[in-house]
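The values are calculated or read from the model by the stated rules, or taken from the named source; none is laboratory data. Since this is a predicted model, take the numbers as computed values, not measurements. Cβ coordinates were reconstructed from backbone atoms using ideal geometry, including for glycine residues, and neighbour counts include every protein chain displayed. We work out accessible area using only protein heavy atoms, side chains counted, and drop any ligands, DNA or RNA first. Shrake-Rupley method; radii C 1.70, N 1.55, O 1.52, S 1.80 Å.
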Amino acid sequence: MKFFISLLSIAILSFIVGLYTSWWSVAVVAFVVSLCVVQSPGSSFWSGFMGVFLLWLIIALLINAANGGILANRIGGMLGVGQSPVLLAFITALAGGLVAGFAALTASYIRKKV
């Protein structure tokens, strides 16, 4: 149950904070939520990872659908991943998920030390 509370908290707060701040604010949100919700380091990592991964995947796919895939095709061409908007959205979500997952893992280890 703590896993889903942490996952939902990270996803919702990351979305709200991300509207007003920079992309790396997801790391701060995952860190703070993992400090507040006591979990094992593995659960903390996966809740942070999945919260931001799913959030960024949905946002990337919605943005792609809104502009007809034009932006994803051009960026995919520049990055050399071809014209696959789904692959580009997956790579974007993976980057965000790793940042949030490691921030949550760090918070969990700090909580164990203190």
Are any of the residues in the range 28-41 in contact with a Phe, Trp or Tyr (Cβ under 8 Å, 6 or more places away or on another chain), within 25 Å of LYS2 (Cα to Cα) and not acidic (Asp, Glu)? yes
Determine whether the range 30-41 contains at least one residue that is of a type outside the set (Asp, Glu), loosely packed, with under 13 Cβ neighbours inside 10 Å and either at positive phi or touching a helix residue (DSSP H, G or I) at 6+ places or on another chain (Cβ under 9 Å) (or both). yes
Can you spot a residue in the range 68-75 that is free of Cβ contacts under 8 Å to residues at least 24 places away in the same chain, among the β-branched types (Val, Ile, Thr), open to solvent by less than 80 Å² (accessible area, probe 1.4 Å) and part of a helix (DSSP H, G or I)? yes
Those residues of the range 25-58 that are within 20 Å of LEU88 (Cβ to Cβ) and touching a residue at least 40 places away in the same chain (Cβ under 8 Å) come to a total of 8
Given the conditions (1) without any contact (Cβ under 8 Å) to a residue 12 or more places away in the chain; (2) β-branched (Val, Ile, Thr); (3) touching a helix residue (DSSP H, G or I) at 6+ places or on another chain (Cβ under 9 Å), which single one is not true for VAL114? (3)
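Matching residues to (1) outside any helix (DSSP H, G or I); (2) of a type in the set (Lys, Arg); (3) open to solvent by less than 40 Å² (accessible area, probe 1.4 Å):
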{"position": "LEU7", "(1), (2), (3)": "no, no, yes"}
{"position": "SER22", "(1), (2), (3)": "yes, no, no"}
{"position": "VAL28", "(1), (2), (3)": "no, no, no"}
{"position": "TRP46", "(1), (2), (3)": "no, no, no"}
Has the range 53-60 got at least one residue that is open to solvent by less than 30 Å² (accessible area, probe 1.4 Å) and within 12 Å of VAL99 (Cα to Cα)? yes
Report, by residue number, each residue of the range 76-92 that is of a type in the set (Val, Ile, Thr) and open to solvent by 80 Å² or more (accessible area, probe 1.4 Å). VAL86
Kindly list, by first and then second residue, each pair from a residue in the range 3-19 that is aliphatic (A, V, I, L, M) to a residue that is crowded, with 18+ Cβ neighbours inside 10 Å and not in a helix (DSSP H, G or I), limited to pairs with Cβ atoms under 8 Å and residues at least 6 apart or on different chains. ILE5/VAL37
